[in-house]
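K.L.:
Sending over a structure as structure tokens; questions will come in a sec.
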Amino acid sequence: MSNRRAPDMGEGESAPLARGVLRHMGVVFTAAAVFATAFTAWTPASLSPGEFVEQLLEAASARPAASPTSTTRRVAKVSFRE
């Protein structure tokens, strides 16, 4: 009789599977760190959150709050006389 295990037991497969998952997660996190660093390095200073909020507030306060559809309409008066 042989000491081989049945292929469906799966006890020995958990360690290589865990190593594979951890390896792929490490690759994804490393790539994310590289891209985040690259995008941060090339982001213009005008897009920093503090300045961006100030620019939005200035733009909102500079324009009057008028509705673009607030035009006057002429209503035609119709009368029916016999």
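The values are calculated or read from the model by the stated rules, or taken from the named source; none is laboratory data. The model shown is predicted, which means the values in this text are computed figures rather than measured ones. Positions of Cβ are backbone-derived with ideal geometry, glycine not excepted, and every protein chain shown enters the neighbour counts.
K.L.:
Can you say whether Arg73 is modelled with pLDDT of 75 or more and of a type in the set (D, E, K, R), as far as the supplied structure shows?
P.N.:
Criteria not met by Arg73.
K.L.:
Within segment 59-70, track down each residue that is modelled with pLDDT of 75 or more and either in contact with a His (Cβ under 7 Å, 6 or more places away or on another chain) or among the hydroxyl-bearing types (Ser, Thr, Tyr) (or both). Please lay out each step first, then the result.
P.N.:
Keep residues of segment 59-70 that are modelled with pLDDT of 75 or more, which gives 59-61.
Within segment 59-70, just Ser61 meets the criteria.
K.L.:
To continue, here is another question. If you scan segment 2-58, which residues turn out to be modelled with pLDDT of 75 or more and basic (Lys, Arg)?
P.N.:
Within segment 2-58, Arg19, Arg23 meet the criteria.
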